[in-house]
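Reviewing the structure listed below.
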Amino acid sequence: MSDMPRTTRALLHVLSRATARPMLDVASHLGAVARAAGCPYVHNDLTACDGARLAGVEAVHHTDLLPEGTYATICFDAREYDPLLAAETVAQAAARLAPGGALITTARRADVEPFFASVAVEAAGQDEVLVARRPLPAAVVLPQFYTYDVAFAGQTYTVQTAPGIFSPRGLDEGTRLMLGQVEARSGARFLDLGCGAGIVSRIAAEAWGCEVTAVDVSARALRMTALNAPAARLIASSGFQHLGAEQFDIIASNPPYHTDFAVARAFIEGARQHLAPGGLLYLVVKRSDWYVRKVRDLFGGCRLVEEQGYTLIIAEKRESRAAPATAPSATTRKHAKRMAAAKHRRPH
Ligand SMILES: C[S@@+](CC[C@H](N)C(=O)[O-])C[C@H]1O[C@@H](n2cnc3c(N)ncnc32)[C@H](O)[C@@H]1O
């Protein structure tokens, strides 16, 4: 309870006064609202869903869409959602609510007001919680997919995307740098780590003839990759968590930016374990110092290609590299322990 974010705490406070059923919890911290109300839980992010399951929430849906049905109350903690996906989720909620239903949310007021006849502000702690009632019968077309064209190596690829997906408006320049350097043979086992809209998977499968596995924590990213790279095998996974002992010839990633490097660390350490001997890691980053040190440390060396503020790190898994002289870092041990405990507790 002590590490519960203020937004979820504020929502629980308001909910204690207004909880008509049936109810749906969207994205509260570890499903705290679902636990308190005994209702289903939905989150676009797999890590959040795993956390809610471990906390004892039973009906957990890893999805970017609200489940079919009509609800009297939808509670949406927008804190962990990309702003565009949050705005869309508010519109989805309006479409799923009964005529007299209420949305209780920490979403932005500007995103809520167009969809409800009445929006009241609840002063709960420092966080603004809105109680929006009487959803308007808005012509909500959901979700709002749109397309852009990517020109690469003489081909044009039309990519479908949607709010909340990287990259939103066109091929990211870092990803372009990476794609331009990949050397892939037909049939290579290719891992697109953090696939986003799936453009890397698409090019690896269609242009290079690789056997592609695409991984992401975001349900929406996997949905988009299914559309854009139908040949790719999709796995919902945080990093390598659900990849067993699989080996790959190429692992390519434009990792998410997190200030504490936790995801990047898991990606690089996992890549070292999951690359076949002679396999290649391609990692494109900005502000590269930490990443370069980490890759050099684990792989014994790497090659750098720099362009337009991006650094592409290319590292080969050499079989002969001696085991590190030092013991694994405390973080690695802690991570492994946490993963093992989570696996043990996970129902499947
Ligand atoms: C910068 S985007 C790259 C998307 C795509 N590969 C591209 O280059 O256009 C990073 C992606 O990593 C995903 N991601 C974030 N954390 C992750 C994790 N722990 N495991 C797997 N994917 C993750 C995000 O959802 C996002 O789609």
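For the chain, what does -39500 (n - 2.57) per DSSP helix run (n ≥ 4), summed and divided by total residues, give at 222 nm, in deg cm²/dmol to the nearest 500?
-9500 deg cm²/dmol
Taking the chain as a Gaussian network, where each spring joins two C-alpha atoms under 10 Å apart, which residue of Cys195, Cys210, Cys39 fluctuates the most?
Its mean-square fluctuation being the largest, the pick is Cys39.
Could you list which residues have their amide H under 5 Å from that of Leu275, counting only those 5 or more apart in sequence or on another chain, with H placed in the peptide plane?
Placed amide hydrogens put Phe248 under 5 Å from Leu275.
Using a 10 angstrom cutoff on alpha carbons, build the Gaussian network for the chain and name the most mobile of Thr175, Thr147, Thr161.
Thr147
Antiparallel as a % of all DSSP beta bridges within segment 1-139, to the nearest 5?
Looking only at bridges with both residues in segment 1-139, the antiparallel portion is about 45 percent.
What number comes out for accessible area per residue over the chain if the probe is 1.4 Å? Units Å², please.
On a per-residue basis, the chain sits at 47 Å².
What list of ³J(HN,Hα) couplings, whole Hz, do you get for segment 198-213 from phi and the Karplus terms 6.51, -1.76, 1.60, once you set θ to phi - 60° and write x for glycine and proline?
Working through the residues one at a time gives x, 5, 5, 4, 4, 5, 4, 6, 7, 8, 10, x, 7, 8, 9, 10 Hz.
Restricting to bridges with both residues inside the chain, how much of the DSSP beta-bridge set is antiparallel, in percent to the nearest 5?
50
Just for segment 118-231, what percent of DSSP beta bridges are antiparallel, to the closest 5?
Percent antiparallel among DSSP bridges in segment 118-231 is about 75.
Using a Förster distance of 56 Å, how high is the FRET efficiency between His242 and Arg17, based on the Cβ-Cβ distance and rounded to 0.05?
That gives a FRET efficiency of 0.90.
State the extension gain, in nm to one decimal, for the chain segment bounded by Ala276 and Arg293, taking 0.36 nm per residue of separation less the distance between their alpha-carbons.
Difference between extended and current length: 4.0 nm.
Normalising by the residue count of the chain, find the relative contact order in percent from Cα pairs under 8 Å and 6+ residues apart.
Details: 695 pairs, mean separation 37.6, N = 348.
Once normalised by length, the contact order is 11 percent.
Connecting C-alpha atoms closer than 10 Å in a GNM of the chain, tell me which of Ala153, Ala107, Ala86 has the biggest fluctuation.
Between Ala153, Ala107, Ala86, it is Ala153 that shows the largest mean-square fluctuation.
Tell me, what % of the accessible area of the chain is carbon and sulfur with a 1.4 angstrom probe?
Carbon and sulfur atoms account for 52 percent of the accessible area of the chain.
Suppose every Lys and Arg Cβ carries +1 and every Asp and Glu Cβ carries -1, with no other charges. What dipole size does the chain come out with about its Cα centre, to the nearest 20 debye? Don't skip to the answer; put the middle values down first.
Working: 38 positive and 34 negative charges, 192 e Å.
With Lys and Arg at +1 and Asp and Glu at -1, about 920 debye.
Can you give me the convex hull volume of the Cα atoms of segment 189-284, divided per residue and expressed in Å³? Present the calculation step by step, with values, prior to reporting the outcome.
Details: hull volume 8.0 nm³, N = 96.
Spread over its residues, the Cα hull of segment 189-284 gives 84 Å³ apiece.
Taking amide H positions as placed 1.01 Å from N in the peptide plane, with prolines and chain starts having none, which residues 5 or more places from Arg233, or on another chain, fall under 5 Å of its amide H?
Val212, Thr213, Ala214
For the chain, state the average projected area of the convex hull of the C-alpha atoms over all orientations, rounded to one decimal in nm².
Convex hull of Cα atoms, orientation-averaged projection: 18.6 nm².
The values are calculated or read from the model by the stated rules, or taken from the named source; none is laboratory data. Note that the coordinates shown come from a computational prediction; the quantities given were computed from them, not determined experimentally. Reconstructed Cβ throughout: ideal geometry from the backbone, glycine too, with neighbour counts over all protein chains shown. In case anyone asks, the SASA skips ligands and DNA or RNA and just uses the protein heavy atoms, side chains included. Shrake-Rupley method; radii C 1.70, N 1.55, O 1.52, S 1.80 Å.
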